[in-house]
Amino acid sequence: MRAKLVAANWKMNGSFSLLDNMLDVLIPYSGEESCQVVICPPNVLLSSLKKAVEGTKIEVGAQNVHTEISGAFTGETSAPLLKECGVQWCIVGHSERRVLFDESDEFIRNKTETLLKHGIRPILCVGESLEQRESGNHEEVVVTQLRKGLSGFAADDQSRCVVAYEPIWAIGTGKTATPEQANSMHSIIRKELESLASSEVAEKIQILYGGSVNVENAKILLTQSEIDGALVGGASLKIDAFPQIVAAGS
Ligand code: 13P
């Protein structure tokens, strides 16, 4: 049985006071019985998050990392420094990084490798655009992103990754994939993981759904057989929503 995981991607939002307020409400929802919970705030909040969640089930995630571990890369953050901040997880391959920052599959794969080397678990995002779905290419697009993102890793390393299926047309649009659409893509992803790694590894890897997850749709999405959790954007910034989404996954 794969544990459920609900992760918050705050993107370039949030503040020290939102962090305090969110944790006041969220910590009581994140007891022994709860699903795994990860918060990925902007980097400047990481150390405060780490301190505040000590002794709780909430884990610390980052939203980005560089492939290199040091050097002249103004504005970037290295995996060893993230590790020092207590980071256990890091998102890679988010469509906003692929599209707005022109990140290639190869660069994303190399980030994944750097994270694995430094003991940080990657959350590898894959997902198609509306155009790709409408032209019937969505399965091929997602499978290619997955293959390239995980190529060349040993089974042990692959099994430390989490995959997040985030159709671009569902991100921040209020338009969620139907539970059937999401479940069906997750099955395709798992089948691909079987041939990329092994059925044993594929069985272990958690596949999250992301794209307009909210309090209303969380339960139905999170009870699909192939959906092992959610990567939540907008609703993860709402104190009256995110704890309830965690409850829906618990
Ligand atoms: P929304 O939940 O705001 O659609 O964002 C999803 C997302 O991009 C999470 O990484």
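For the reader, a short list of remarks on this structure follows.
- One residue stands out in the stretch 154-186 among those that are assigned to a loop (DSSP other than H, G, I, E, B) and among the hydroxyl-bearing types (S, T, Y): the one that is least open to solvent (accessible area, probe 1.4 Å), namely S159.
- Residue in the stretch 67-74 that is among the hydrophobic types (A, V, I, L, M, F, W, C) and under 23 Å from G233 (Cβ atoms) present: no
- Conditions (1) touching a residue at least 40 places away in the same chain (Cβ under 8 Å); (2) within 29 Å of E131 (Cβ to Cβ); (3) open to solvent by 60 Å² or more (accessible area, probe 1.4 Å); number of the one not met by S236: (3)
- Among the numbered conditions (1) surrounded by 15 or more Cβ atoms within 10 Å (Cβ to Cβ); (2) touching a residue at least 12 places away in the same chain (Cβ under 8 Å), the only one that S151 does not meet is (1).
- Breaking point among (1) within 16 Å of the ligand (Cβ to nearest atom); (2) farther than 22 Å from V37 by Cβ, for E139: (1)
- Residue in the stretch 86-108 that is within 15 Å of the ligand (Cβ to nearest atom), free of Cβ contacts under 8 Å to residues at least 24 places away in the same chain, open to solvent by 70 Å² or more (accessible area, probe 1.4 Å) and among the aliphatic types (A, V, I, L, M) present: yes
The values are calculated or read from the model by the stated rules, or taken from the named source; none is laboratory data. All values derive from a computational prediction rather than experimental measurement. Cβ coordinates were reconstructed from backbone atoms using ideal geometry, including for glycine residues, and neighbour counts include every protein chain displayed. All accessible areas refer to the heavy atoms of the entire protein, side chains included, with ligands and DNA or RNA removed. Shrake-Rupley method; radii C 1.70, N 1.55, O 1.52, S 1.80 Å.
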